[in-house]
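Notes for the one structure printed next.
The values are calculated or read from the model by the stated rules, or taken from the named source; none is laboratory data. Predicted model, so just to flag it, every value in this text is computed and none were measured. For neighbour counting, all protein chains shown are included, and Cβ atoms are generated from backbone atoms with ideal geometry for every residue, glycine included. The accessibility values were calculated without ligands, DNA or RNA, using every heavy atom of the protein model including side chains. Shrake-Rupley method; radii C 1.70, N 1.55, O 1.52, S 1.80 Å.
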Amino acid sequence: TLGTQTDYRDGEAQTDPYSPEYIVHSGSVPEILTLATLTWGRGLPAGKAEMEIIDRIREKRAWEAALPPMDSPSNIAKRLKMMEAMERKEWAYREEEIDKLQKVQLEVFKKLLQRREENQNELDAMRLHNQWQNRQKAKEEKIRKIQRDCALMLRKLIAKSKNLMGKLERRDIIKEYNDFSSQTYAPLSRIGFFPDNNSEYYAVKNFYLNTFAGLCELEKSVPDSVSQLKIKTPKPKCPITKAGYIKKSGRLDAVLAQVHQALLEKKNKAKEPKKPPPVFEKVETPVPKPPTLILEKPSIEEEEIDLAVICLQKLLRGRALQNMMFEGKEKRLDLIRELRTTHALQEDGQLLLKAEKQMTLSLQRQQDSQMCQLSSLERDLATVEGRTLANMLDFLSKELVRLQEERKIHALVMLAERQRRMREAEESGRRQLEESRREEEDETFRQAREGDCWDCRQTIDTYLEDIILSSMERTAEEQAREEVQKRALEINDIAYEMESRRTRLQSEEIVAELVYNFLIPEAEKSSMRERVRQSQRKHLYAAHRIIHGGTE
């Protein structure tokens with residue numbers, strides 16, 4: 001707390017060296033004053049450039065001292081030549097400095113351009129990565145949609161293949177109750193069942209939680225120890241003040257008690273009897289501890305003397321350093337002045353460089369903001385384009401499915417039309433055969449009813465006429481069948497030719513006629529059957545109830 005002595009000088013611990021005031025005697029120009037423009041952080045500590053400037057100032061002073069006096073024309077001419085040579089040398093040095101500054105500027109511009117190219121490359125890579133990610137997402141979404149549509153179409157085809165003929169199946173109650181995925185256990189919403197409508201039925205309704213009387217009864221049943229807590233404050237082990245703080249003496253007593261307890265525990269551990277070592281265990285002797293160093297406490301007078309000596313050393317070293325700085329500054333006063341002038345010129349150039357750098361950075365920031373705007377615009381355009389392409393592909397896929405279904409329906413219509421024509425031809429032939437058989441049976445019955453013997457000749461005639469007529473009818477039937485088969489072949493050829501020449505509009509008209517003539521009547525028939533079944537169900541239910549009631 002009083003002072004310290006270190007192995008380092010005070011100048012090494014200072015951040016900004018101290019510059020004392022000075023007085024220059026008349027007629028003397030110290031060289032140290034030439035470095036007056038140099039300060040800590042701006043030229044000091046001196047580097048290679050500062051040393052070159054100092055050498056040039058020394059050369060210039062030596063050159064000025066070597067100039068001939070202006071007392072004769074020859075000396076004047078010699079002096080002018082030397083001054084011209086010195087001026088050319090100064091201009092060459094200035095050109096070298098300008099070249100160096102231009103090189104530094106070029107390096108700065110190169111670094112800025114390189115940084116801009118790196119930023120542009122990073123931006124292009126990021127934009128390309130975003131485009132690739134968007135295309136990958138669109139591709140995966142399209143694949144998932146195609147797979148989903150494929151699974152849907154396969155399920156539809158499997159369902160259609162189970163009932164190709166369109167036969168109505170009776171309801172199998174045992175199968176429905178055995179299958180947990182049937183409509184009995186999991187009905188569909190499109191059929192009209194909404195499981196969330198009666199969700200309040202499954203809510204837990206408790207009398208003690210939903211009514212005021214229940215809450216009061218529940219509160220009465222709870223013991224008082226739950227609602228009224230009793231907390232006892234612990235008694236302090238140490239004495240405390242009125243404000244609630246522990247006294248210093250109490251804290252010391254607590255620390256001493258802890259130390260005493262630790263010592264007692266250590267002593268008890270030491271008193272515990274040690275276990276006898278086993279026979280085959282080697283007992284290692286502990287290493288002897290070195291003797292403890294004991295420092296003699298110096299007297300107060302010696303400490304005061306040491307402190308006084310240390311303070312005197314500090315004062316002497318600081319004063320010696322100040323004298324050295326003052327002497328060096330006096331020696332280089334001219335050099336300090338010239339460096340001040342050069343640094344003033346360099347400050348203007350540095351200001352110009354800073355202004356150019358700030359302008360370049362502002363232009364770069366503006367270009368970066370424009371590139372960010374362009375990238376966001378391109379990202380939005382890519383999103384809109386992807387959405388439009390997705391909608392277009394979805395529409396085309398749906399149109400393709402619709403055309404395939406239309407072709408399937410058209411093929412089914414052609415098959416149904418051909419089957420209908422064949423059935424009509426067979427039905428017409430069967431009807432003619434039945435009519436001929438009916439007429440033959442009627443004639444035989446009529447002849448049996450008449451049954452007169454005197455009409456034997458007439459009977460023979462009628463018998464012959466019947467045979468002739470039957471042979472004629474048989475021949476006519478065979479000819480009719482041949483004619484019907486020829487007509488059927490001609491009609492089939494005409495139908496195939498019309499099918500090849502038919503346009504899309506005609507196909508749609510045929511499909512519409514089929515839907516109107518077959519599907520709609522079939523749907524009406526099924527709905528009528530369902531209504532009749534519903535109307536008959538109540539009568540059947542009543543009959544079953546009467547029968548089973550009587551049997552019971």
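So E552 clears everything in (1) at pLDDT below 75; (2) acidic (D, E); (3) open to solvent by less than 100 Å² (accessible area, probe 1.4 Å) except one condition, right? Which one? With (1) at pLDDT below 75; (2) acidic (D, E); (3) open to solvent by less than 100 Å² (accessible area, probe 1.4 Å) applied to E552, the lone miss is (3). In region 139-150 there is no residue matching the filter, namely being surrounded by 10 or more Cβ atoms within 10 Å (Cβ to Cβ), closer than 30 Å to T360 by Cβ and touching a residue at least 24 places away in the same chain (Cβ under 8 Å). The numbered conditions (1) at pLDDT 80 or above; (2) open to solvent by 70 Å² or more (accessible area, probe 1.4 Å); (3) closer than 19 Å to R340 by Cβ; (4) of a type outside the set (S, T, Y) are all true for K78 except (3).
Within region 501-537, being part of a helix (DSSP H, G or I), closer than 22 Å to R407 by Cβ and of a type in the set (S, T, N, Q) holds for Q506, S507, N517. Residues that are in a loop (DSSP other than H, G, I, E, B) and at positive phi within region 34-56 comprise just one, G41. Among the residues of region 303-321, the one identified as open to solvent by 60 Å² or more (accessible area, probe 1.4 Å) and under 30 Å from I57 (Cβ atoms) is R319.
Residue pairs whose Cβ atoms lie under 9 Å apart, separated by 6 or more positions or on different chains, with the first residue in region 485-500 and part of a helix (DSSP H, G or I) and the second surrounded by 10 or more Cβ atoms within 10 Å (Cβ to Cβ) and among the hydrophobic types (A, V, I, L, M, F, W, C), are Q485/A425; R487/A425; A488/M422; A488/A425; A495/M414; E499/M414. Looking at the structure I just gave you, is T39 of a type outside the set (K, R), within 27 Å of L333 (Cβ to Cβ) and under 58 Å from the mean Cα position of the chain (by Cα)? Yes; evaluated as a whole, the condition is true for this residue. Summed over region 38-75, the residues that are of a type in the set (S, T, Y) and closer than 18 Å to T341 by Cβ give a count of 1.
Checking each residue in region 57-69 for being surrounded by 10 or more Cβ atoms within 10 Å (Cβ to Cβ) and assigned to a loop (DSSP other than H, G, I, E, B) picks out L67, P68.
The set of residues from region 202-223 being part of a helix (DSSP H, G or I) and open to solvent by less than 100 Å² (accessible area, probe 1.4 Å) comprises Y208, A213, G214, L215, C216, E217, L218, S221.
With respect to the conditions (1) surrounded by 13 or more Cβ atoms within 10 Å (Cβ to Cβ); (2) of a type in the set (V, I, T); (3) out of contact with any Ser or Thr (no Cβ under 8 Å at 6 or more places or on another chain); (4) at pLDDT 80 or above, V104 falls short on a single one, namely (1). None of E97, E90, E122 is in the same structural domain as K60 (by the TED database), open to solvent by 80 Å² or more (accessible area, probe 1.4 Å) and modelled with pLDDT under 95 except E122.
Applying the set (1) among the acidic types (D, E); (2) assigned to a loop (DSSP other than H, G, I, E, B); (3) modelled with pLDDT under 75 to E21 leaves exactly one unmet item: (3).
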